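What follows is one structure encoded as structure tokens, with my remarks underneath.
The values are calculated or read from the model by the stated rules, or taken from the named source; none is laboratory data. In this text the structure is predicted, and so the values were computed from the model without any measurement. Note: ideal-geometry Cβ built from the backbone for every residue, glycine included; neighbour counts use all protein chains shown. Note: areas computed on protein heavy atoms with side chains; ligands, DNA, RNA excluded. Shrake-Rupley method; radii C 1.70, N 1.55, O 1.52, S 1.80 Å.
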Amino acid sequence: MTDPKKNKQLTKMSWIPIVRYRLIKFRATPYDSSLKGYFSSRDEKEFNRNCIKSKQRMAKIQNYKCPICNKSITDFTERLEVQEKVPVIYGGTRKYNNLQLVHRYCNKQYYKIFPLKGELPTKQQKQKGYKIIRQLRLAEIL
Ligand SMILES: [Zn+2]
């Protein structure tokens, strides 16, 4: 039904696709370290169901982990941002081999340490910066 005056439409229930969620195995708990793989594969499937193709592709390339803090990017309580490995102003491209998904927090901290001025950080400098960010995350419990 469409309202002729406001041109708004009611959503028909039949337009909403049915999504069946897989139940967690009997007695499976995320606190059991032997089931880590089981839960991470569930999270990856959930991530792929809710993300656009480009994000799915980037996530798969980086093994569903934030390259800065090395934690999973499948947790939806944390927002993700696309970061250029080599920023465009330094001649980087917007192609998949130059893009990575990082947590918003990690991205923010990264650009605090390495602002887009002066020279590009070396691999060693980046590793040191990542270490600082990981410690910050631990300190702020994020
Ligand atoms: Zn991160």
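What residue, of T11, T74, is more than 12 Å from the chain's Cα centre (by Cα) and of a type in the set (S, T, N, Q)? Testing whether each residue is more than 12 Å from the chain's Cα centre (by Cα) and of a type in the set (S, T, N, Q) leaves just T11. In summary, L116 fulfils each of the numbered conditions (1) in contact (Cβ under 8 Å) with a residue 60 or more places away in the chain; (2) among the aliphatic types (A, V, I, L, M); (3) out of contact with any Lys or Arg (no Cβ under 9 Å at 6 or more places or on another chain) with the single exception of condition (1). Out of everything in region 53-65 that is in a loop (DSSP other than H, G, I, E, B) and out of contact with any helix residue (DSSP H, G or I) (no Cβ under 6 Å at 6 or more places or on another chain), what residue ends up being least open to solvent (accessible area, probe 1.4 Å)? Per the stated criteria, the residue is Q62. Count of region 24-52 residues, restricted to those that are not charged (D, E, K, R) and not in a helix (DSSP H, G or I), is 8.
Would you mention how many residues in region 68-96 are free of Cβ contacts under 8 Å to residues at least 12 places away in the same chain, polar (S, T, N, Q) and under 17 Å from K55 (Cβ atoms)? Talk me through it step by step, then tell me what you get.
Our first condition is that a residue be free of Cβ contacts under 8 Å to residues at least 12 places away in the same chain; within region 68-96, this holds for 77, 88, 91-95.
Among the residues that remain, those that are also polar (S, T, N, Q) are: 77, 93.
Subsequent filtering for residues that are under 17 Å from K55 (Cβ atoms) retains 77.
Number satisfying all stated conditions: 1.
What about N70, is it farther than 28 Å from V19 by Cβ and part of a helix (DSSP H, G or I)?
Details: farther than 28 Å from V19 by Cβ: yes; part of a helix (DSSP H, G or I): no.
Criteria not met by N70.
Just one of the listed residues (I89, I133) is β-branched (V, I, T), surrounded by fewer than 13 Cβ atoms within 10 Å (Cβ to Cβ) and part of a helix (DSSP H, G or I), and it is I89.
I'd like to check something: does region 100-118 contain any residue that is closer than 26 Å to F47 by Cβ, open to solvent by 60 Å² or more (accessible area, probe 1.4 Å) and within 12 Å of the ligand (Cβ to nearest atom)? Before the answer, list the steps.
Taking region 100-118 first, the residues closer than 26 Å to F47 by Cβ are 100-111.
Remaining after also requiring open to solvent by 60 Å² or more (accessible area, probe 1.4 Å): 104, 108, 111.
Keeping just the survivors that are within 12 Å of the ligand (Cβ to nearest atom) gives 104, 108.
Yes, some residue in region 100-118 is closer than 26 Å to F47 by Cβ, open to solvent by 60 Å² or more (accessible area, probe 1.4 Å) and within 12 Å of the ligand (Cβ to nearest atom).
Condition check for R79 on (1) surrounded by 14 or more Cβ atoms within 10 Å (Cβ to Cβ); (2) closer than 30 Å to P17 by Cβ: one failure, at (1).
Test of understanding: among K53, K6, which residue is under 28 Å from V82 (Cβ atoms) and free of Cβ contacts under 8 Å to residues at least 60 places away in the same chain? Let's see the steps before the verdict.
Numbers: K6 fails: under 28 Å from V82 (Cβ atoms).
Sole residue among the options that is under 28 Å from V82 (Cβ atoms) and free of Cβ contacts under 8 Å to residues at least 60 places away in the same chain: K53.
When I68 is tested against (1) open to solvent by 100 Å² or more (accessible area, probe 1.4 Å); (2) under 27 Å from L136 (Cα atoms), just one condition goes unmet, and that condition is (1).
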